[in-house]
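The values are calculated or read from the model by the stated rules, or taken from the named source; none is laboratory data. Every value quoted in this text rests on a predicted model; they were computed, and no experiment measured them. Ideal geometry is used to build each Cβ from the backbone, glycine not excepted, and the neighbour counts take in all protein chains shown. These accessible areas exclude ligands, DNA and RNA; they are computed on the full protein's heavy atoms, side chains included. Shrake-Rupley method; radii C 1.70, N 1.55, O 1.52, S 1.80 Å.
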Amino acid sequence: MAFAGRIRSGISLFKTIAVSDSVSSARSFPSGRPLIPALRDYATASAEKTGNVKVPVALVGESGNFASWLYIAAVKMNSLEKIESDLSELVEAMKTSPIFSQFTKDPSVPRETRLAAIVDVCDKAKFAEPTKNFLSLLAENGKLKNLDVIVKKFMQLTTAHRGDVKVLVTTVMPLPPSEEKELKDTLQEIIGEGKKVTVEQKIDPSIYGGLIVEFQQKVLDMSIRTRAQQMERLLREPVDLSNL
């Protein structure tokens with residue numbers, strides 16, 4: 001398939017983690033602060049001489065705000081790469097350890113237990129201090145349940161910071177290497193030089209055929225499913241015989 005033509009026309013941290021009530025007695029923590037003011041302070045805690053930091057992509061919603069504040073703090077502390085690496089490992093741990101993933105989302109876990117477990121995990125994994133502080137704030141205020149979404153949005157910011165463009169391509173089956181290269185080269189032409197294009201493939205048989213390309217908040221939907229829906233809407237429209 002000529003994907004380039006279509007687009008132009010369409011323009012090892014944790015192996016096993018077990019969290020038990022005994023963790024709650026391992027450490028003691030001071031009473032928590034309201035999360036929003038605490039995160040704002042966290043993002044502006046570094047010296048003023050570093051200047052204002054602007055987020056490369058405007059994110060919305062609570063998780064977007066958390067990600068933006070963490071990004072600002074990370075840039076000011078010159079710790080962006082390390083924090084990104086830490087959070088990537090943590091997300092991978094959530095994928096591979098159902099117990100740990102359940103722990104982060106369980107509202108019945110006492111605050112002290114959440115704090116003790118997260119700090120212990122950060123220490124053992126040798127996470128950076130800003131990473132530990134941020135995760136502690138989330139744990140302290142019951143926001144660990146949103147961690148995967150916050151991290152995903154944070155990664156959007158770090159990707160944009162590097163000038164990279166992540167492209168999500170949805171097809172019914174994996175693209176052959178030659179077609180993936182053709183697609184990537186075409187997207188590179190569209191997006192322009194100076195930015196690195198990374199293609200992520202997603203398989204979705206429900207689109208029937210064709211492809212959907214998503215990047216930089218743009219969607220190029222060239223799927224057979226969408227074309228069929230458009231045709232169905234067209235056929236359902238009443239015919240005006242007055243002009244015949």
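Collect residues whose amide H, placed 1.01 Å from N in the peptide plane, falls under 5 Å from the amide H of VAL167; neighbours closer than 5 in sequence don't count.
For VAL167, the qualifying residues are THR198, VAL199, GLU200.
Kindly sort ARG225, ARG236, ARG114 by accessible area of their heavy atoms, largest first, with the probe set to 1.4 Å. Can you show the working numbers first?
Working: ARG225 70, ARG236 180, ARG114 30 Å².
Reading off the accessible areas and sorting them downward yields ARG236, ARG225, ARG114.
For labels at VAL60 and LYS152 in the simple 7 Å Cα→Cβ model, what's the distance in nm?
1.6
Just to make sure I understand: if all protein chains stay in place, what is the order of MET231, MET173, MET94 by accessible area at 1.4 Å, largest first? Mind showing how you got there, number by number?
Working: MET231 100, MET173 125, MET94 20 Å².
Ranking MET231, MET173, MET94 by accessible area, largest first, yields MET173, MET231, MET94.
In nanometres, what is the gap between the two model label sites at LYS196 and ASP106, each 7 Å from Cα along Cα-to-Cβ?
Computed distance between label sites LYS196 and ASP106 equals 3.9 nm.
With every protein chain present, what is the per residue accessible area of the range 97-181 (1.4 Å probe, Å²)?
Working: 3800 Å² over 85 residues.
Per residue, the range 97-181 has 45 Å² of solvent-accessible surface.
Run the numbers for TYR208 and GLU232: contour at 0.36 nm per residue of separation, minus the present Cα-Cα distance, in nm.
Details: separation 24, 0.36 × 24 = 8.64 nm, distance 1.53 nm.
This chain segment gains 7.1 nm when fully extended.
Considering only protein heavy atoms, what is the solvent-accessible area of ILE72 at a probe of 1.4 Å, reported in Å² to the nearest 10?
For ILE72, solvent-accessible area is about 30 Å².
Tell me the carbon and sulfur percent of the accessible area for the range 77-134, rounded to whole percent, probe radius 1.4 Å.
On the way: 1440 of 2790 Å².
In the range 77-134, the share of accessible area belonging to carbon and sulfur is 52 percent.
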